[in-house]
Amino acid sequence: MLFAPDGKQVNRVPDTADFKEVVRLLGDRRTAAVRREVNRIIDAVAPDKETGRRTFGSSHVGEQLKPWPYPLASIYDVALELEGNTATGRHVYDRSLRIFELFVWECIMAREERWEFDDQSVNPSDPHRAITDTVYVEHGSDETCTRQS
């Protein structure tokens, strides 16, 4: 589950229309493979030694994945298709990173653990500010959070 800093649950991926188009272009098989890989990446994030919570920035993780490994390479292929063959490599990579960040957002929303995004990481001048370099902080299971309240 994903929550905003104000405590409201987030139930929609930003740029929903664009994300739906990406999912359509990927198709069911590749979309499922990307979701599995994104969840595997989230599962692999080590908890902070002091807090015991996992914290990560989606673009930081995405930058570490250069070049895009399978099945995430499909994201780059779709970004190239959306941007066109005349787009620069950097432009296509930036688009693929935004798509990756949308998948991270979607997967975090679907997880059982309670996650919150840090609004301090959002750049107000960025048109993709809802997802660009979002920092996610795990707060445990919803049941744990409810008991602590």
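The values are calculated or read from the model by the stated rules, or taken from the named source; none is laboratory data. Given the structure is predicted, the values throughout are model-derived calculations rather than measurements. Glycine also receives a Cβ, built like all others from the backbone with ideal geometry; neighbour counts cover every protein chain displayed.
Go through region 115-133 residue by residue and tally those that are more than 15 Å from the chain's Cα centre (by Cα) and at pLDDT 90 or above.
0
Applying the selection to region 84-111, what residues are over 20 Å from ALA33 (Cα atoms) and either at pLDDT 95 or above or assigned to a loop (DSSP other than H, G, I, E, B) (or both)?
GLY84, ASN85, THR86, ALA87, THR88 - these are the residues of region 84-111 that are over 20 Å from ALA33 (Cα atoms) and either at pLDDT 95 or above or assigned to a loop (DSSP other than H, G, I, E, B) (or both).
Which members of region 45-91 meet the condition of being polar (S, T, N, Q) and either touching a residue at least 60 places away in the same chain (Cβ under 8 Å) or surrounded by 18 or more Cβ atoms within 10 Å (Cβ to Cβ) (or both)?
Matches in region 45-91: THR55, SER58, SER59, SER74.
Considering only region 12-52, state which residues are within 14 Å of the chain's Cα centre (by Cα) and not in a helix (DSSP H, G or I).
ARG12, VAL13, PRO14, ASP15, VAL45
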